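Notes to accompany the following structure.
Laboratory data are not the source of any read-out in this text; all were calculated from the coordinates shown. Only a predicted model underlies this, so the values are computations on that prediction, with no experimental measurement involved.
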Amino acid sequence: MRLLLVTVALIAVTAASVNAAHLPPFVPWDFYASDAEFATVIRPYTEAIARNATDAEAHHWLGLAYLHVASLRRMGLVPFGGDALGRAIQSLERAMQLRPQLATLMPLINAYMMAGNLDKWRAAVDRSIALSPPLPLK
């Protein structure tokens, strides 16, 4: 009986970690013609966040997806996504709180610039310098 309980517990833990660790990356070169298509694409990220609000990877990919839609909307290529820039900033900021990394900070810098928030943009640029690895001296 004890062996059965341990086996079930190990399977549950393994399944949870596999689901959290293997989110599909957002594909920025795909075009989403409707809000419904976009909602389908971001569903894995929103579901992962619903299961675990501290999933930095899900917040990162969700932020990139919203930033992409905000860019498409700004260019007049999609009629939806009026709140995409704000959502991108919110998701990317949350990802940075959970796991600071340059891969998340660089799109956040772009989002701050698009939003015209120069104070946050400057602070994020300074933070990117602090997070960057030092250059080797020769």
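For the pair region 23-79 and region 88-138, the centres of their Cα atoms are 19 angstrom apart. Give the shape of region 11-138 as rounded, prolate or oblate, defined through the alpha-carbon gyration tensor: a ≥ b ≥ c are the square roots of its eigenvalues, a/c under 1.5 means rounded, and otherwise the shape is prolate if a/b is larger than b/c and oblate if not. Oblate, since a/c reaches 1.5 and b/c is not below a/b.
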